[in-house]
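Colleague: Next up is a structure, given as structure tokens.
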Amino acid sequence: MIDLNSLNPPQKEAVLHTEGPLLVLAGAGSGKTRVLTYRIAHLIENGVMPWHILAITFTNKAAREMLERVRKLAGEAAEDCWISTFHSCCARILRRDIEKLGYKRQFAIYDEDDKMSVIKSLCKEKALSEKEFPPKLIRSAISDAKNKMLSPEDWLREEGNSARTRAIFEVYQGYEHTLKANNALDFDDLILKTLELLAENPPVLEYYRDKFRYILVDEYQDTNLAQYELVRLLTGERHNLCVVGDDDQSIYGWRGADIRNILEFEKDFPDTHTIKLEQNYRSTGNILDAANQVIAHNEGRKEKELWTEAEAGEPITLYDALDERDEAAYIANMARRRQEMGTRPGEIAVLYRTNGQSRVIEEAFVRAGETYRVYGGLKFYDRKEVKDLIAYMRCLVNPDDDVSTRRIINEPKRSIGESTVERLANYAQANEMSLLSAALDYENAGLTARARTSVAMFAELMIDLTEVLYSGTPSEFLQAVLDRTGYLKQFTEVKNEENEARLENISELQGAVTEYEQQNPQGGVTDFLENVALVTDLDNMNETGGAITLMTLHSAKGLEFDCVFLAGMEETIFPISRAMFDDNQMEEERRLCYVGITRAKKKLFMTHARTRMLYNNRQANQISRFVSEIPTRLIQGGRAGGAMRIPPAAPGLKARQSYDRRPAANAGSLGIPGVQKGFGGGSAPAQPTQNLFSVGDRVMHRMFGPGTVMELAGTGNAQRARIKFDSGTERIFAVNAAPILKMRK
């Protein structure tokens, strides 16, 4: 019998309201996972068969934690629930029925690196300049189109038929054809193909509608159009749908998430019951108050106000650095002090808006002798040696996977050059077979005698490995690849640090395969590959480890730390420059700030620099408007005198009357007790520019040359100008710092 008395009244109400659509607006740190797990356990306890329950979240880590917590409440019955990510759920559905769409069940799941390989190959084939058509831009366009459920033809109609869009359309079209020929799906396809399967096969749809009689979706504010449609399709007429989320933490609009999904849930399901979870169990009163004050400036949100029974705690510390190196040194110094006060390194995090900010901070930690780890860098499964060995598995499990075959046909080196591979590829295309099949049919592929000998050895190797694939375990197969290919030899012959690291990564992969076998005794290589394809860097994060965490604000969502540093609190850094002329983007930036503040449990530091070198450009930015939205009473030192360096509130952003909109302490006024200043004394803030600009003015920039002012935002020192240069380049500048002169008419 689960104990509901441990829940607060709104949490208990959310658990007990089991029938019909339910919207749970769960503020940061309000115990939403607790509600979800208790709700699942309560359903099971009250006679719902566990296999009739589907719970969806966004990371494997969250899914594992949810399953473990349900298991503690409901016992082994929890194993029969489907608790997984969107992508894992869809992969599981597709493995059962994808043949109805013309694919084979052993389809490959392409990661971002695989996608890039296909796109680069297509660009080369179509003679597209990578400078004019960056593969990353095309990859992003394809992913965005799929998130909006647009086929290549639909995308072209929406974007307009220009020479540029036509070229991208042809790559998108070729990309889709290549994936189908390789019996492969990318991440976006997992959801799109599931939608296609369900829409085109009514018996399959009815099977899953009958199976999933109770559906729960976590982080609903992060769903995109395809995920939204999938949930609606599976829910059917039963409407036993519970969605949990926080519109104030919707920060993934740039990758397709649509905040309207949660804001308009009650419109989609008119009989919705709505519950707000507003009691916060994570942060101190001061931190929570600051978060409330900032987010109140957003218009597009559902009204809620977090509160806590915890003490006010320490005030927020605001540091005014001379430059980015002073800022980094301060962060390293304060991180050391917090450890001396008893905070473990794993409970300290440095969060920043863009990855480019991390370099100087890393250098400061190295100089200070601090152990740290950067998240969001090269993931384990993206490392070359790991991808090589995974490719051996993939091309044998799915012989149609030409991308994987190309990767390993000459890895390690076996004298199969690019011209030989192209000859095999042409032979494969002419005979409608895969690249691996062409290699196995090497005698008829028109190869030179020398190439034929090398390819024959490769063909024999793949036949031998195929036997092990079907007769052995995944770990035995991996060991056979290492033994029979001689892959290790290239790293053992020369002793150096890089090769040692590669050998360690290979050992780590062997450990991962062994661990998978222990957890999934019935799983084969295909199952292991699917598990690998759905892993993210953060899934393996050890939150209580012995290293300080460095990561972007986007990566930090869902995590919490005793002590948090928010670095780079400056206009055009955070909020980012492209949000200056877009109200929707500015609101998303503010939500991102809210997420950053609410990661802190006990202590929050905010830092900004008077000047900053970033992307090889020295900038002098105003302190972030988000700092100005935090009342003086919450910031260490209270109200400071002197000239304010805080920008005015953004135009059109209205504060709700219940919030305190007094400006924060002035970080630019040095020498005021309690306000922390730069280590080195430093120079005064940049003075306002003498140039008074208007839209339409012709200007000259030292580097970009002549241009026209297209748009202006802000006033005085906070003014920003969007300038279109005659070369076609567009840039946003801080008017008081950029080397811009108005040209005479």
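Colleague: Residue under question is R105, and the condition is that it be in contact with a Leu (Cβ under 9 Å, 6 or more places away or on another chain), surrounded by 13 or more Cβ atoms within 10 Å (Cβ to Cβ) and without any contact (Cβ under 8 Å) to a residue 12 or more places away in the chain; does it hold?
Modeller: yes
Colleague: Return the pair list, or none, for Cβ contacts closer than 6 Å from residues in the range 195-216 that are closer than 17 Å to Y228 by Cβ to residues that are open to solvent by less than 70 Å² (accessible area, probe 1.4 Å) and among the hydroxyl-bearing types (S, T, Y), at least 6 apart or on different chains.
Modeller: I215/T235
Colleague: Is there any pair linking a residue in the range 583-608 that is closer than 25 Å to Q279 by Cβ and assigned to a loop (DSSP other than H, G, I, E, B) to one that is among the acidic types (D, E) and open to solvent by 10 Å² or more (accessible area, probe 1.4 Å), with Cβ under 6 Å and at least six apart or on different chains, and which?
Modeller: Every condition considered, the pairs that remain are R599/E560.
Colleague: Applying the selection to the range 23-69, what residues are closer than 26 Å to I191 by Cα and among the β-branched types (V, I, T)?
Modeller: Listed by number, the residues that qualify are V24, T33, T37, I40, I53, I56, T57, T59.
Colleague: To continue, here is another question. For the range 174-185, does any single residue satisfy the condition of being touching a Pro at 6+ places or on another chain (Cβ under 8 Å) and among the charged types (D, E, K, R)?
Modeller: Yes.
Colleague: Within the group V70, V35, V48, which residue is in contact with a strand residue (DSSP E or B) (Cβ under 9 Å, 6 or more places away or on another chain), aliphatic (A, V, I, L, M) and surrounded by fewer than 22 Cβ atoms within 10 Å (Cβ to Cβ)?
Modeller: Going through V70, V35, V48 in turn, just one is in contact with a strand residue (DSSP E or B) (Cβ under 9 Å, 6 or more places away or on another chain), aliphatic (A, V, I, L, M) and surrounded by fewer than 22 Cβ atoms within 10 Å (Cβ to Cβ): V48.
Colleague: Still on this structure, please answer the following. Could you say which residue among R407, R423 is open to solvent by 50 Å² or more (accessible area, probe 1.4 Å), farther than 27 Å from L478 by Cβ and touching a helix residue (DSSP H, G or I) at 6+ places or on another chain (Cβ under 9 Å)?
Modeller: Result of the check over R407, R423: R423.
Colleague: Can I ask one more? Looking at A391, A428 in this structure, which one is within 21 Å of K180 (Cα to Cα) and under 25 Å from the mean Cα position of the chain (by Cα)?
Modeller: A391
Colleague: Please work out if R96 is among the charged types (D, E, K, R), over 21 Å from F169 (Cα atoms) and either open to solvent by 80 Å² or more (accessible area, probe 1.4 Å) or in a helix (DSSP H, G or I) (or both).
Modeller: When the stated conditions are applied, R96 passes them.
Colleague: Given the conditions (1) within 39 Å of the chain's Cα centre (by Cα); (2) more than 22 Å from T526 (Cβ to Cβ); (3) outside any loop (DSSP other than H, G, I, E, B); (4) modelled with pLDDT of 90 or more, and given that I416 satisfies all but one, which numbered condition is not satisfied?
Modeller: (3)
Colleague: Answer with yes or no whether L230 is over 17 Å from the mean Cα position of the chain (by Cα) and under 30 Å from L396 (Cβ atoms).
Modeller: For L230, the condition - over 17 Å from the mean Cα position of the chain (by Cα) and under 30 Å from L396 (Cβ atoms) - is not met.
Colleague: Residues G369, G313, G356: which one is free of Cβ contacts under 8 Å to residues at least 60 places away in the same chain, open to solvent by 10 Å² or more (accessible area, probe 1.4 Å) and not basic (K, R)?
Modeller: Criteria check complete, one pass: G369.
Colleague: How many of the residues in the range 260-299 are in contact (Cβ under 8 Å) with a residue 24 or more places away in the chain and either open to solvent by 30 Å² or more (accessible area, probe 1.4 Å) or in contact with a Pro (Cβ under 9 Å, 6 or more places away or on another chain) (or both)?
Modeller: The qualifying residues number 21.
The values are calculated or read from the model by the stated rules, or taken from the named source; none is laboratory data. For clarity, every value in this text was computed on a predicted model and none was experimentally measured. Note: ideal-geometry Cβ built from the backbone for every residue, glycine included; neighbour counts use all protein chains shown. Side chains are part of the model used for accessible areas, which takes the heavy atoms of the whole protein and leaves out ligands, DNA and RNA. Shrake-Rupley method; radii C 1.70, N 1.55, O 1.52, S 1.80 Å.
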